[in-house]
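All remarks here apply to the structure that follows.
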Amino acid sequence: MKFIVQWNGQPTAQQSAIERFMKTGGALPPDGIKMLGRWHTIGELSGCAIIEADNTAPMAAWMLQWGDIFEFTISPAVTDEELGAALGAYQAQAGK
């Protein structure tokens, strides 16, 4: 399943975030998570990533590695094709 991961940090955490990112290279996700892409907001301590995972346990472990610096929001995501299939099924059911 795909997830949208968003993070936000307070300006007071900037130095800690820089130091940890430079030391770890952004700490790639643990086994069980495939990162499809990650983007950072210029001039802010925020960004987002699209990941795939079969369960939430590795996501929890990954977020805990950065939880002292960032707040996270994780939401399930679907592609256009997946949404289209769901909408088609909904329309077919509503038409009955």
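Before moving on, here are some points about what is shown:
- Number of the condition not met by residue 31 [criteria: (1) touching a helix residue (DSSP H, G or I) at 6+ places or on another chain (Cβ under 8 Å); (2) free of Cβ contacts under 8 Å to residues at least 60 places away in the same chain; (3) surrounded by 15 or more Cβ atoms within 10 Å (Cβ to Cβ)]: (3)
- Scanning region 35-44 finds no residues that are touching a residue at least 24 places away in the same chain (Cβ under 8 Å) and surrounded by 13 or more Cβ atoms within 10 Å (Cβ to Cβ).
- Qualifying residues in region 59-68 (those that are within 13 Å of residue 6 (Cα to Cα) and either at pLDDT 95 or above or not aromatic (Phe, Trp, Tyr) (or both)) - the one surrounded by the most Cβ atoms within 10 Å (Cβ to Cβ): 59
- Taken over region 1-47, residues that are under 24 Å from residue 76 (Cβ atoms) and not acidic (Asp, Glu) amount to 26.
- Residue, surrounded by the most Cβ atoms within 10 Å (Cβ to Cβ), within region 4-19, restricted to residues that are of a type outside the set (A, V, I, L, M) and either within 11 Å of residue 66 (Cβ to Cβ) or at pLDDT 95 or above (or both): 7
- Exclusive hit being within 24 Å of residue 82 (Cβ to Cβ) and at pLDDT below 95, set 22, 1: 1
- Pairs with Cβ under 9 Å, 6+ apart, first in region 48-59 and under 17 Å from residue 79 (Cβ atoms), second in a loop (DSSP other than H, G, I, E, B) and of a type in the set (Ser, Thr, Tyr): 48/41
The values are calculated or read from the model by the stated rules, or taken from the named source; none is laboratory data. All figures in this text were calculated on a predicted structure; none of them were measured in a lab. Every residue, glycine as well, gets a Cβ built from its backbone with ideal geometry; the counts of neighbours run over all protein chains shown.
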